[in-house]
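> Pasting a structure below so you can have a look.
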Amino acid sequence: MSDFTGEKAEMNGKLILTLDGEVINEYPIEKESLTIGRKHGNEIQLNDLTVSGRHALIIAQGKQVYVEDLGSTNGTLLNGNHIKSAVLKHGDIIQTGHHQFTYLCEGQARYEPTMFVKAEMDETQMVLPEWQSLEQSIKGQPLAGLRTLNGPLARTIMELRKPFNTIGFQGRKLALISRGLEGYTICAVPNNEGRLSTGGPLLNGEALGPAPQDLKASDIINIAGFEVEFFLIH
């Protein structure tokens, strides 16, 4: 598919680049092709060791936009499935290494990253082991992620690789997911006054409290109306 030729592409939507659920950049598709990779010379260069030097290619032909894997080591995923090449539809999620691209067509709904997942050392967790020692100890443990079920981020997959991952809404931290030797737990995060917010996060329809609760595959977390499913990757 990489030998497509044709007239100069007009605006064919854009790619929203995210890492750990946070928006990093956006790239309008205004050329016939965009290369994605780790090396200099790619139109989209990613500082990610799991990304190949030349990893994937975005091709615009007429009103169609395609994604093609360039024989990368770890492959290119489209909505969670490995692909060689495929036509993109509005809202599709491309994953290269740890980074994700959301494809948005012109004239469709805007991308509104109202919910975020961020890996960090939370100030409420200082009684736990130091970040580096805990991060080392969980290597090799089962990895899990969150799959967004509704809203503008539907179908987005966010891996939970770090020891501590906060889930938020409109800039507020609402829940903390911890990764340990016994698996994953979740608890609500109090506000600056030490209180839990009304209308806070739900786990399987029940309000979360400050005490950690074990997370199991297929658990549903609700954050301000956005639903994510907890699942095990390996």
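> Short version: ³J(HN,Hα) in whole Hz for each residue of segment 179-184, in order, from phi by Karplus 6.51 cos²θ - 1.76 cosθ + 1.60 (θ = phi - 60°), x for Gly and Pro, what are they?
Each residue's phi maps through the Karplus curve to give 10, x, 5, 9, x, 10 Hz.
> Apply the Karplus parameterisation 6.51 cos²θ - 1.76 cosθ + 1.60, with θ equal to phi minus 60°, to every residue of segment 29-38 and state each ³J(HN,Hα) to the nearest whole Hz, in sequence, with x for glycine and proline.
Once θ is set to phi - 60°, the couplings for segment 29-38 become 8, 10, 10, 5, 7, 9, 9, 10, x, 8 Hz.
> Would you grab the residues whose amide H sits under 5 Å from the one on residue 24? Only those 5+ places off in sequence or on another chain, please, with H modelled 1.01 Å from N.
17, 18, 19
> Give me, ordered by chain and number, the residues 5 or more places off residue 175 or on other chains with an amide H under 5 Å from its own placed amide H.
Excluding prolines and chain starts, which carry no amide H, the hits are 167, 189.
Read the figures in this text as sums done on the coordinates, not as results from a lab. A quick note: this is a predicted structure, and the numbers were derived from the prediction, not measured.
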